[in-house]
Structures are given as structure tokens and as C-alpha cells.
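Presented below is the structure to which this report refers.
Coordinate-derived values only; no laboratory data. Note that the structure is a prediction, hence the values are computed from the model and not measured. Quick reminder, even Gly has a Cβ in these numbers, built from the backbone with ideal geometry, and neighbours come from all protein chains shown.
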Amino acid sequence: MQAGRGIRALAVLDGFYTLGGLERQTLAVLRCLLEAGARVECLLNYLRPEPIAEALDALGATWTVGHHRSPLRRPRRPGQLLGMTQDLARTNGTLLRVAARLRPTHVFLPQDRCALRAMPALLRLRRMGIRSIMRLGNAPEPGRTHRLLWRQGIDRVVDRYVCNSRFIRRELLAHGVAEAKTGVVYNAVTRSVCSPLPDPQPGRVVFLGQVIPSKGLHHLIEAVGILRRDGVPVSLDVVGDMDGWTTPAYRAYRSELRNRVGGDPQLRDCVRFLGWQDEVLPYLARASVHCLPSLEGQREGLAGAVLEAKLAGRPSVVTRSGALPELVEHGVDGWICSDFSPGSLAAGLARFLRDEGACTRAGEAARASLSVRFGQERFRSRWLEEFGAALGRDS
């Protein structure tokens with residue numbers, strides 16, 4: 001008998017527009033349910049985003065278009081408050097109508113904002129015995145106001161929280177959520193290598209991610225400068241959007257990075273800004289080492305970039321931001337820096353750039369760790385267990 005038979009899940013996909021990391025991991029959960037015999041219906045936003053709709057069609061999940069338009073933020077004018085109120089009423093009404101037709105056993109919430117927008121409907125469904133299960137890929141925001149929001153708001157409508165790291169679980173517990181309501185399921189790599197990857201180029205480091213201050217790219221560039229001055233032949237590929245729309249502060253940050261590189265002869269010819277790339281595995285494979293230099297305030301979840309690096313067979317040098325230390329076995333399949341400074345990053349990178357054998361062994365260990373800790377079968381079985389736990393029974 002299929003483990004998911006009898007599960008009818010209503011997934012609230014608020015804010016899903018493109019196939020980023022959150023969206024892909026959410027689709028992976030839905031795939032697990034469908035393959036186990038569950039029925040899945042999704043509530044999309046009013047734009048009916050084509051990438052999301054097409055992905056759901058490919059999975060075999062049904063979907064309905066909702067009405068949520070207004071962003072969840074403090075209204076500045078009466079008109080904004082009225083629009084937000086009407087929007088919330090329509091959204092909750094649609095959710096209740098879909099639930100009346102589907103008669104779900106679970107409501108699946110991929111992030112906390114989904115619970116906030118659907119709170120009136122979730123309260124009503126909870127009184128009817130329908131359980132809500134939330135996936136958390138980012139830590140709750142710190143501060144008294146956010147703790148109050150979680151304790152007095154979100155926690156009243158969620159029966160089970162599934163965090164993608166122990167770090168996020170600790171942060172959730174600090175907000176007053178009962179430990180018995182929480183579980184941890186690491187993300188899985190949702191694809192495999194279908195074609196031969198290019199060989200690594202000695203000395204090449206790759207950064208993959210958003211070009212924003214909290215990702216620490218400026219520290220990585222300084223670390224490359226330190227290594228160059230020490231005679232280490234190193235180059236850096238930056239795979240991340242440098243030209244698309246962003247806030248003025250981030251736009252200034254990007255300009256500062258370009259000016260820093262362009263004004264230093266040591267960096268000018270060895271740092272490449274490659275922009276956004278749909279397919280990142282070839283860039284990871286061409287590098288010897290992957291680096292994620294996130295600052296402490298970034299509070300990283302289970303970073304997909306590190307999992308992609310493992311898939312490519314490359315070690316990762318990371319900081320202690322959030323859950324990053326959970327992804328790397330220090331000195332075995334990567335390096336966890338002692339602090340957030342450029343000097344510490346340089347030391348971690350030098351560990352592999354100066355010793356090709358150590359770099360190769362670490363890359364092999366990184367690839368091997370995928371099946372042990374981040375494999376799809378483990379991901380599937382754990383998620384089915386969590387849906388059972390949300391109902392208060394074994395899966």
C-alpha cells in the first residue's frame with residue numbers, strides 16, 4: 001500500500017513566481033506526496049505564474065488561482081488598508097472554497113507568510129480537524145515583535161513545523177514554539193548530473209548567490225587579494241545578478257565591488273562577474289573550490305549552493321552563518337572558517353588551493369555525502385513521516 005494514500009494536501013503557494021530554491025524544494029515535497037499516492041491541489045497567486053503552473057502540471061498536481069495581490073506590510077494610507085483587507089477576504093474565501101471541494105487532511109504552508117495571509121481560513125479549518133504543516137527554509141526574524149507574532153499568531157494555526165536545518169529549529173524554539181511540534185528534514189538535491197562536467201581549473205574559486213552585502217562577497221574579494229599577494233595563483237568567478245533591478249543600496253554595493261576590482265591590478269584580471277546563470281553546475285565544475293562567505297546576519301538556511309557544489313564534486317569553504325556548518329564536515333568535504341574575516345576565508349581557501357590532492361579528496365567526499373545526508377529517498381521518507389506526525393499518528 002502506498003504510504004501517502006489517504007493524504008489530501010492543499011498547498012498554499014503564496015508569493016511563488018519563479019523557480020528559485022524555495023520553489024524547487026516545495027515542489028520536491030509535493031512530488032514525494034504524489035508519488036506516495038496522495039492527492040495534491042495548490043493555490044497560486046492571481047498572476048498564475050507560468051513556471052510554477054507548468055511545473056505543477058508536470059508533477060500531476062491540480063491548482064487554482066487565488067486573489068492575493070497586496071504585499072503584507074504596514075499600510076501607509078487608508079486606500080492601502082482597504083485594498084489589503086479586500087485582498088485578504090478574497091484570498092481566505094478562495095482557500096475555504098477549495099478546501100470544501102477537496103476536503104483536505106492537511107494544509108501545506110511553504111513559508112510563514114502563507115500562514116499570515118491565510119490565518120482566518122486556517123483557524124476555521126483547524127476547528128474542523130484539518131491540520132496545517134509548515135516548511136521553514138529561513139529562520140524567523142529576531143526581535144520581540146516577531147516573537148510575539150509567532151507565539152500569538154502563526155503558532156495558533158500551525159500544527160507541525162518542518163525545518164530544513166537544526167539552526168532554524170533552534171531559532172524557532174527561541175520564538176516560543178513547542179519542541180514537540182517541530183522536526184528537521186534536510187533539503188535533497190532534486191536532480192542528477194546528466195552529462196559529463198568540465199574538469200576543474202587549478203586555482204579557480206566560484207561564488208554562487210545573490211550579490212548583496214550580507215552574502216559577504218566583498219570579504220571574498222579581499223581574501224582573493226590576500227592570496228594573490230601571498231603568491232597563490234587564484235581566480236574568482238562570481239555567478240550572480242549584477243545588472244538586474246535591485247534597491248538603491250544594493251545597486252551601490254554592486255558598483256563598489258566593480259570599482260574595487262577594477263582599481264586593483266592584483267584583482268582586475270582574476271575576478272570575473274558572470275551575472276545570473278540558469279545552469280550553474282558547469283561553473284561549479286570548472287572551479288576547484290566553492291566559497292559561500294555569508295556574514296553572521298545573513299543567518300543562512302540549508303544553502304542550495306553548497307548542495308550544488310557537492311553534486312559537482314567540489315569542496316565548499318563556508319562561514320559559520322546560520323546552518324552552513326551543518327552542511328560541511330570540517331577538513332573532510334570542505335572548510336568552516338573560524339570567523340567572518342577575509343583573512344579567515346583566505347586561510348580556508350589556501351587549504352585546498354595549495355594542495356591539489358587534498359582538494360580532490362575533499363571534492364570526492366563532498367559528492368559522497370549527498371546520498372548519505374541529502375539523498376532523495378531519505379527526504380521522501382522523512383516528509384511522509386512528518387505528514388503523519390501532523391495528524392498525530394505514525395506514517
Taking region 238-309, which GluC sites (Glu not before Pro) meet the DSSP loop condition and have no more than 14 other C-beta atoms within 10 Å?
E279
Long-range amide H partners of S235 with built H, under 5 Å:
R204, V205
Please give the direction-averaged projected area of the C-alpha convex hull for region 203-248, in square nanometres with one decimal.
3.5
With r defined as the distance between the Cβ atoms of T85 and T360 and R0 fixed at 45 Å, what FRET efficiency is calculated, to the nearest 0.05?
0.15
Using alpha-carbon coordinates, inclination of helix 217-229 to the longest axis of the chain, degrees
20
Sequence-distant residues sharing a close amide H with S132 (under 5 Å, placed H):
V107, D159, R160
Could you list W335, W63, W150 so that the one with the fewest beta carbons within 10 Å of its beta carbon is first and the one with the most is last?
W63, W150, W335
Interchain or sequence-distant (5+) residues whose placed amide H lies within less than 5 Å of the amide H of V184 are C163
If neighbour count is taken as other Cβ atoms inside 10 Å, put V205, V98 in order from fewest to most.
V98, V205
Could you list I221, I168 in order of exposure, starting from the residue whose Cβ has the fewest other Cβ atoms within 10 Å?
I221, I168
Can you give the local net charge around A368? Use residues other than it whose beta-carbon is closer than 14 angstrom to its beta-carbon, Lys and Arg +1, Asp and Glu -1.
+2
Count neighbours as other Cβ atoms within 10 Å of each site's Cβ, and list the chymotrypsin sites (Phe, Trp or Tyr not before Pro) in region 233-294 that are DSSP loop with at most 15 such neighbours.
W245, W276
Could you sort the peptides 108-117, 286-295, 347-356 by per-residue average Cβ neighbour count (10 Å cutoff), highest mean leading?
286-295, 108-117, 347-356
Degrees, to the nearest 10: 248-262 long Cα axis against longest axis of the chain
20
Give me the one-decimal nm value for the distance between modelled label points at T247 and H330, 7 Å along each residue's Cα-to-Cβ direction.
3.3
Send over the per residue convex hull volume for region 223-336, Cα only, as a whole number of Å³.
120
Residue by residue through region 149-166, what is 3J(HN,Hα) from phi via Karplus (6.51 cos²θ - 1.76 cosθ + 1.60, θ = phi - 60°)? Round to whole Hz and write x for glycine and proline.
4, 5, 5, 8, x, 4, 5, 6, 10, 10, 9, 8, 10, 10, 8, 8, 6, 5
Using Cα atoms only, what is the angle between the long axis of helix 50-59 and the major principal axis of the chain, expressed in degrees (0 to 90) to the nearest 10?
70
Tell me the mean residue ellipticity at 222 nm calculated for the chain from its helices only (DSSP H runs of n ≥ 4, each -39500 (n - 2.57), averaged over every residue, nearest 500).
-14000 deg cm²/dmol
